[in-house]
Amino acid sequence: MRPLAIGCIISCEEREGLPCGSGHVTHSHFIGSAHVYVMAGKKHPVVEQIEDDVEQLVEGLGYELVLIKYSGPARRPTLTIFVDREGGITVDECARISERLSVLLDMLDPIPTSYRLVVSSPGVERPLVRERDFIRFAGRRATVTRHPAHGQRRSIVGTLRGVKDGAVLLEHEGRTEQVPLDEIEDAHLVFEWD
């Protein structure tokens, strides 16, 4: 099914076949961190179905796929795709990526109902999704929410120190905690005001 709306950091409404950037723009609230269950392997089936194809297209355009989020009511869900590149990404770049993704998603047809497609930067509190994210952002402050199989959910704010033996190293209150990657429910950078 073709998306009813295509988003850029601001959401571009697709009306009467007019593409994103045709002047029909409404503001969207998709800037910031995406808090979804990604590390512990709890991806939505739609995300599982399209992730490889979306990543290939995005990387082919010279960008990095940060996260795919599928959310909202079943009758009109939202597919949000967070992309980035060194130095950040502009609204115009999001619009171009959105147009290309719309064509790909038309071919894949992963969602049987109408849906909103939003392409966005990850924002200042970028989600940390893959092991390489924890390595890349070593030295930065982050919030990591862990949920052990037989324990309480707990959020820790600290400084990333990399990854060792399948666990994120997080300096917190003067000591370094090891948080197994498979116990991380959510993680994102913490924006620090200077």
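The values are calculated or read from the model by the stated rules, or taken from the named source; none is laboratory data. Computed from a predicted model, the values in this text were never measured in an experiment. Reconstructed Cβ throughout: ideal geometry from the backbone, glycine too, with neighbour counts over all protein chains shown. Keep in mind that these areas ignore ligands, DNA and RNA; they rest on the heavy atoms of the full protein, side chains included. Shrake-Rupley method; radii C 1.70, N 1.55, O 1.52, S 1.80 Å.
Some points to look at:
- Test result for R100, touching a Leu at 6+ places or on another chain (Cβ under 9 Å) and open to solvent by 80 Å² or more (accessible area, probe 1.4 Å): yes
- Residues in the stretch 115-133 that are farther than 11 Å from D84 by Cβ, surrounded by 17 or more Cβ atoms within 10 Å (Cβ to Cβ), out of contact with any helix residue (DSSP H, G or I) (no Cβ under 8 Å at 6 or more places or on another chain) and not β-branched (V, I, T): Y115, R116, E125.
- Looking across the stretch 46-72, the residues that are within 13 Å of the chain's Cα centre (by Cα) and among the acidic types (D, E) come down to E51, E55, E64.
- Among the residues making up the stretch 21-47, those that are at pLDDT 55 or above and more than 18 Å from E131 (Cα to Cα) are H44, P45, V46, V47.
- Residue match in the stretch 152-172 (condition: of a type in the set (V, I, T), surrounded by 21 or more Cβ atoms within 10 Å (Cβ to Cβ) and in contact with a helix residue (DSSP H, G or I) (Cβ under 9 Å, 6 or more places away or on another chain)): yes
- Against the list (1) of a type outside the set (F, W, Y); (2) farther than 22 Å from V54 by Cβ; (3) outside any helix (DSSP H, G or I); (4) under 18 Å from the mean Cα position of the chain (by Cα), the condition R75 fails is (4).
- Evaluation of L61 against (1) open to solvent by less than 40 Å² (accessible area, probe 1.4 Å); (2) modelled with pLDDT of 95 or more; (3) touching a Lys or Arg at 6+ places or on another chain (Cβ under 8 Å) (one fails), failing number: (1)
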